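I have placed the structure first, in the form of structure tokens, so that the comments after it can refer back to it.
The values are calculated or read from the model by the stated rules, or taken from the named source; none is laboratory data. None of the values given here were measured: they were computed from a predicted structure. Because the Cβ atoms are built from the backbone with ideal geometry, glycine has one as well, and the counts that use them run over all protein chains shown.
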Amino acid sequence: MNVLKKIYKEIKKHKKIVLARHIGPDPDALGSTLGLKEIILNTFPNKQVYAVGTPAARHKYIGNLDMFDEKLYEDALLIVLDTPDIKRVDGIDPTRFKHKIKIDHHPIVDKYCDIEYVVDAASSASELVIELVYSTPLKINKEAAEKLYAGLISDTNRFLYSYTTDKTFYLVSWLLKKTNINIIDIYEKMYTMSINEKKLQSYVILNIKITDNKLGYLVLNQEELDELASDAATMTNIVNYLNYTEEMISWVIFAYDKNIDKFRASVRSRGPIINDVASHFNGGGHIFASGARLNNLDEVDDMIKELDKVCEEYNGKNE
């Protein structure tokens, strides 16, 4: 029995299912989690299914999360999506669940589940959930498809990134034929921004510093965020808009998060492999897209130096 059939068998067997994902969720983490919840309930209406974790106001259009209760640990199946390491699972303690499944597209960091479906060549966790439905008797509906499509196009930046494959396009084509979702409406919800967010983009472009090795970086403390009427979550979303800037091959935004008393870093790259650096600073992710959480400005300086070194080495190899 292949792994997708095993996952379906476990879903069918358990009456109570808890779905979780990583801290600081992006659209793929939310889309894959909330999309799978819709799919399970659409297939098995009598099951109890809970998608848990801290809400992300910027992505509230994807759907609402459930409150977690200690009773949910009892006799429940846990499915963790889009989360390679156990310490980054948001809102619950995975070790307290008797039965656990992981569905993820990051390089393996921890093996913490009984069944692990990890495909680091896949574009997104949302793609893997679409594949799960395609390969099993699970039934998709329009609501689930909208969430999964949002997650997939976010992680591929509308199919621009190298993680996009022929399989990605095949599964998306199947999804569109199966559900006839309105993709224009999804794009509008994802990409419509307030004038303040547009101003933030301008501020980042005007103030980002660029090293001789083509690393772009910007550090924002709480005072600066207050002046911009912004927060760490909003700033780390803006990092994607710096792509395709000729003078940068990698770029990072550090923004202080007063809720956790740490600097949140969001890093992107068009060549240098940056997830190893992120892993040194309580983070990780993909080779070209990663995040981290740093305790102070000294660690911020250290991460900038490490990223700059990676850029220097990359430039040397590609002269």
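When Thr211 is tested against (1) modelled with pLDDT of 95 or more; (2) β-branched (Val, Ile, Thr); (3) in contact with a strand residue (DSSP E or B) (Cβ under 7 Å, 6 or more places away or on another chain), only condition (3) is not met. Within region 294-303, the set of residues being surrounded by fewer than 19 Cβ atoms within 10 Å (Cβ to Cβ) and either touching a strand residue (DSSP E or B) at 6+ places or on another chain (Cβ under 7 Å) or touching a residue at least 12 places away in the same chain (Cβ under 8 Å) (or both) comprises Asn295, Asn296, Leu297, Asp302. Given the condition within 20 Å of the chain's Cα centre (by Cα), assigned by TED's automatic domain parsing to the domain that holds His59 and not in a helix (DSSP H, G or I), answer yes or no: does some residue in region 141-158 qualify? Yes, there is a match, as at least one residue in region 141-158 is within 20 Å of the chain's Cα centre (by Cα), assigned by TED's automatic domain parsing to the domain that holds His59 and not in a helix (DSSP H, G or I).
Scanning region 235-272 for residues that are within 23 Å of Ala56 (Cβ to Cβ), buried (at least 18 other Cβ atoms within 10 Å of the Cβ), in contact (Cβ under 8 Å) with a residue 60 or more places away in the chain and in contact with a Leu (Cβ under 9 Å, 6 or more places away or on another chain) gives a single hit, Arg264.
The number of residues in region 71-92 that are over 19 Å from the mean Cα position of the chain (by Cα) and either in a helix (DSSP H, G or I) or surrounded by fewer than 17 Cβ atoms within 10 Å (Cβ to Cβ) (or both) comes to 5. When region 8-25 is filtered for residues that are crowded, with 24+ Cβ neighbours inside 10 Å and out of contact with any Pro (no Cβ under 9 Å at 6 or more places or on another chain), the ones remaining, listed by number, are Ile17, Val18, Leu19, Arg21. Taking region 180-213 as the range and being basic (Lys, Arg) and without any contact (Cβ under 8 Å) to a residue 60 or more places away in the chain as the test, the residues that pass are Lys198, Lys199, Lys209. Within region 121-150, the only residue that satisfies the criterion of being without any contact (Cβ under 8 Å) to a residue 60 or more places away in the chain, among the charged types (D, E, K, R) and surrounded by fewer than 19 Cβ atoms within 10 Å (Cβ to Cβ) is Lys142.
I'd like the full set of residues that are aliphatic (A, V, I, L, M) and either surrounded by 19 or more Cβ atoms within 10 Å (Cβ to Cβ) or at positive phi (or both), limited to region 220-234. Listed by number, the residues that qualify are Leu220, Leu225, Ala229, Ala232.
For region 202-210, state whether one or more residues are small (Gly, Ala, Ser) and buried (at least 20 other Cβ atoms within 10 Å of the Cβ).
For region 202-210, residues small (Gly, Ala, Ser) and buried (at least 20 other Cβ atoms within 10 Å of the Cβ): absent.
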